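Q: I'd like to ask some things about the structure below.
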Amino acid sequence: MAKKKETVDKEKVRGLLEEAYNLGYFLGYHGHSDWLGWAREQREELYKKAEELGVYSLVKEAYARGKEDGAKKKEEDIHLGLIEKGKISEEVRPKPKIVAPPEETARPAEEKIRAEFARFLQTTKLVLPPEFLDTLKHLEIPRMLKLGEE
């Protein structure tokens with residue numbers, strides 16, 4: 001029974017680390033503020049869950065790392081785009097203008113960003129950096145202490 005609970009907790013911690021990293025990556029890549037209403041709510045909810053599981057510092061670190069990695073990736077994409085644009089010798093055709101439906105423009109900015117974040121999570125598969133995966137091993141009880149239970 002204890003082994004099952006330990007596995008569940010380990011999975012919860014891993015899921016929390018992934019959520020924090022993904023949220024940080026998204027905010028870093030798109031340059032959104034940490035203090036936007038929805039982003040702050042998401043982050044505070046993650047931190048609250050992390051405190052309950054006793055891994056607050058790990059989740060906070062995963063979020064910060066994700067934000068840093070997202071910002072770096074955005075910078076790389078911008079530089080790559082500038083390099084590629086310099087190589088294009090074809091005539092650049094103007095893109096047709098698409099008029100957004102009135103409902104779309106009436107939605108608050110926060111809802112648009114939430115929808116963008118949801119699409120990001122569905123279309124992007126991020127892998128946690130190895131240092132966060134290694135920390136999950138440190139959360140397990142050493143085998144020597146489990147000998148009496150088996």
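Q: With all protein chains present, calculate the accessible area of residue 78 using a 1.4 Å probe and round the result to the nearest 10 Å².
A: Here the accessible area works out near 90 Å².
Q: Return the distance in nm (one decimal) between the two label points of a simple spin-label model at residue 121 and residue 11, each offset 7 Å from Cα along Cα→Cβ.
A: Between residue 121 and residue 11, the label points sit 1.8 nm apart.
Q: Cα-Cα over 22 Å: which of 67/125; 12/60; 60/112; 10/73; 10/48?
A: On the way: 67/125 15 Å; 12/60 15 Å; 60/112 25 Å; 10/73 29 Å; 10/48 17 Å.
Result: 60/112; 10/73 exceed 22 Å.
Q: Compute, for residue 12, the solvent-accessible surface of its heavy atoms (probe 1.4 Å) with the complete set of protein chains present, and express it in square angstrom to the nearest 10.
A: Its accessible surface works out to 110 Å², give or take rounding.
The values are calculated or read from the model by the stated rules, or taken from the named source; none is laboratory data. Since the structure is predicted, the reported quantities are computational estimates derived from the model, not experimental observations. Cβ coordinates were reconstructed from backbone atoms using ideal geometry, including for glycine residues, and neighbour counts include every protein chain displayed. Heads up: the accessible areas ignore ligands, DNA and RNA and are worked out on the full protein's heavy atoms, side chains in. Shrake-Rupley method; radii C 1.70, N 1.55, O 1.52, S 1.80 Å.
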